[in-house]
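Let me begin by presenting the structure, written as structure tokens, before commenting on it.
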Amino acid sequence: MAYLKTLVEDGRTEQRVARRARVLLAMTDPDTVVSELADRLELERTTIWNLCRRYEAYGVDVVLDAPRSGHPREHSPPTASGSGAVGML
């Protein structure tokens, strides 16, 4: 659970990852009501239950995004303008 707390408290964590960590941390409390948690985090109850099932099956790594299929995006290098400046404004 320390890893999940670190994700929530770290200001550099992507919000979707931090939200998943908050859900899992809240679900460790036996007094948590799923419908109230869903309202507070603006999620569907089924989303919370699906995350909990994935956590039980695969562990804490479910808070991270799964790899996506397809060719990864490539960014072209910035073009040089006629003035010799390189990059964007």
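What the chain shows is 82 Å² of accessible area per residue, with the surface traced by a 1.4 Å probe over protein heavy atoms. Helix 15-27 axis versus longest C-alpha principal axis of the chain: approximately 10°, rounded to the nearest ten. Legend: residues Arg68, Arg20, sorted from most to least accessible area (1.4 Å probe; ligands, DNA and RNA excluded), read Arg68, Arg20. Given a Förster distance of 30 Å, report the FRET efficiency between Thr32 and His71 from their Cβ-Cβ distance, rounded to the nearest 0.05. FRET efficiency, Thr32 to His71: 0.15. A 1.4 Å probe over all protein chains sorts Val34, Val8 by accessible area into Val8, Val34, starting with the largest.
These residues, Arg22, Arg73, go from largest to smallest accessible area, 1.4 Å probe, as Arg73, Arg22.
In the list (i) 18, 16, 13; (ii) 39, 15, 13; (iii) 21, 17, 11, the label attached to semi-axes √(5λ) of the Cα gyration tensor in Å as derived from the coordinates here is (ii).
Based on DSSP H segments of at least four residues, each scored -39500 (n - 2.57), the chain has a per-residue ellipticity at 222 nm of -14500 deg cm²/dmol.
Scanning the chain for GluC sites (Glu not before Pro) lying in DSSP loops with no more than 15 further Cβ atoms inside 10 Å, the longest uninterrupted stretch between such sites is 45-73.
The values are calculated or read from the model by the stated rules, or taken from the named source; none is laboratory data. Everything quoted here is computed from the prediction, not taken from an experiment. In this analysis, Cβ positions are derived from the backbone assuming ideal geometry, glycine residues included, and neighbour counts consider all displayed protein chains. These area figures cover heavy atoms from the full protein model, side chains too; ligands, DNA and RNA do not enter into them. Shrake-Rupley method; radii C 1.70, N 1.55, O 1.52, S 1.80 Å.
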